[in-house]
There are 2 protein chains.
Amino acid sequence: MTFDTASLRYNEAGLIPAVAQDAGSGEVLMLAWMNAEAVARTLETGRVTYWSRSRQAFWVKGETSGHVQELVEMRVDCDRDALLVLVRQEGPACHTNRRSCFYSAVRGGDEVIISEPME
Amino acid sequence: MTFDTASLRYNEAGLIPAVAQDAGSGEVLMLAWMNAEAVARTLETGRVTYWSRSRQAFWVKGETSGHVQELVEMRVDCDRDALLVLVRQEGPACHTNRRSCFYSAVRGGDEVIISEPME
């Protein structure tokens, strides 16, 4: 069956959440948002492209930082309202220079930083 | 620092996306939504609890199916607007009886089913 970006279910802002996972290690790197055109561009170019809600613009991950995400595979969930992108991540995925954006853990009622910025 | 559910950033519906990942295998199982009370209940009970947008009710994962998610650790992302829950998943996470909800892959412009329902 041919994949059609229009077959996905977007929210009222026309966006769908996309979870980026390191294709090698399995580490979950980040969650960001795509619109239909960002999904299409990601598939066409092999460079993971989000829609920046703060800038209201396409966001080719790593375009300025060099920390690109090369698409390995895109997956769609059962409800067609979430995406998983398996990626090869160059350097840190997080703007704090950490590998993953999920660097804060809740342990025993406290919040603990579990990873440090990369050198 | 004490974790406070009010420190998270919820959308206009009072919800935050939560990605469930198998704590053992690293497989991404599903993406669902929590409100502040669902976050609190998940941490208090150790049973991952979402907010069902379709039913507009708390959804203790596996309460009816038995396919519970035992919380191993909750993580918060840098923008505080997404959660990662590491879980021990009993049986399939997906309502289609598949281990993961992300069972459809986009390959060469086509959509391909990459996992079958569990026995």
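Could you sort B:Thr96, B:Thr64, A:Thr49 by their accessible area in this structure, using a 1.4 Å probe and putting the largest first? Could the numbers behind the result be given before it?
On the way: B:Thr96 35, B:Thr64 145, A:Thr49 5 Å².
Heavy-atom accessible area, descending, gives B:Thr64, B:Thr96, A:Thr49.
Hey, what number do you get for chain B at 222 nm if only DSSP H runs of n ≥ 4 count, each worth -39500 (n - 2.57), divided across all residues, to the nearest 500? Intermediate results must be reported in sequence, preceding the final value.
Details: 1 runs with 10 residues, N = 119.
Estimated from H runs of four or more residues: -2500 deg cm²/dmol.
Using a 1.4 Å probe over the heavy atoms of the protein chains, calculate the carbon and sulfur portion of the accessible area of the stretch A:2-63 as a whole percent. Mind showing how you got there, number by number?
Details: 1310 of 2880 Å².
Of the solvent-accessible surface of the stretch A:2-63, carbon and sulfur hold 45 percent.
Express in whole angstrom the spacing between the alpha-carbon centres of the stretch B:57-91 and the stretch B:1-52.
Comparing the Cα centres of the stretch B:57-91 and the stretch B:1-52, I get a distance of 6 Å.
Can you sort A:Phe102, A:Phe58 by solvent-accessible area, 1.4 Å probe, largest first?
Ranking A:Phe102, A:Phe58 by accessible area, largest first, yields A:Phe58, A:Phe102.
Give me the mean projected area, in nm² to one decimal, of the convex hull enclosing the Cα positions of chain B.
Numbers: hull surface 35.3 nm².
Average projection, Cα convex hull of chain B: 8.8 nm².
Just to check I understand the Karplus step: with θ = phi - 60° and J = 6.51 cos²θ - 1.76 cosθ + 1.60, what whole-Hz values come out for the stretch B:46-60, glycine and proline as x?
x, 9, 5, 10, 9, 10, 7, 6, 6, 8, 6, 7, 5, 9, 6
Using the alpha-carbon atoms, what tilt in degrees (0 to 90, nearest 10) does helix A:36-45 show relative to the longest principal axis of chain A?
80
If the label for B:Arg80 sits 7 angstrom from Cα along the Cα-to-Cβ line, what are its distances to the same label in every other copy, in nm to one decimal, shortest first?
3.7
Using only the C-alpha atoms of the protein assembly as shown, find the volume of their convex hull and express it per residue in Å³.
Here the figure is 126 Å³ per residue.
Please work out how much accessible surface A:His67 shows to a 1.4 Å probe, ignoring ligands, DNA and RNA, in Å² rounded to 10.
A:His67 has an accessible surface of roughly 50 Å² with all protein chains in place.
How much accessible surface area, in Å² rounded to 10, belongs to the heavy atoms of A:Tyr103 with a 1.4 Å probe?
Using a 1.4 Å probe on the heavy atoms, I get roughly 30 Å².
Show me the ranking of peptides B:11-22, B:82-93 by mean Cβ neighbours inside 10 Å, starting with the highest. Intermediate values should be presented prior to the final figure.
On the way: B:11-22: 18.5, B:82-93: 21.3.
For the peptides B:11-22, B:82-93, the packing ranking is B:82-93, B:11-22.
Quick one: what are the phi-derived ³J(HN,Hα) couplings along the stretch B:14-31, Karplus 6.51/-1.76/1.60 with θ = phi - 60°, whole Hz, x for glycine and proline?
x, 10, 10, x, 10, 9, 9, 10, 5, 5, x, 8, x, 5, 7, 9, 6, 10
Along Cα→Cβ at 7 Å, what distances in nm separate the A:Ala6 label point from those on the other copies, shortest first?
4.7
Considering protein heavy atoms only and a 1.4 Å probe radius, which residues within the stretch A:92-111 exhibit an accessible-area decrease of no less than 50 Å² in the full assembly relative to the chain by itself?
Residues passing the criterion (a loss of at least 50 Å², heavy atoms only) are A:Phe102, A:Val106, A:Glu111.
What's the FRET efficiency of B:Thr45 with A:Glu12 using the Cβ-Cβ distance as r and R₀ = 22 Å, to the nearest 0.05?
It comes to 0.10.
Please give, to one decimal in nm, the separation of the simple spin-label points placed at A:Arg53 and A:Glu70, each 7 Å out from Cα toward the Cβ.
3.1
The values are calculated or read from the model by the stated rules, or taken from the named source; none is laboratory data. Nothing here was measured: the structure is a model prediction, and the numbers come from that model. Glycine gets a Cβ as well: all are built from the backbone with ideal geometry, and neighbour counts include every protein chain shown. Accessible surface areas use protein heavy atoms only, side chains included; no ligands, DNA or RNA. Shrake-Rupley method; radii C 1.70, N 1.55, O 1.52, S 1.80 Å.
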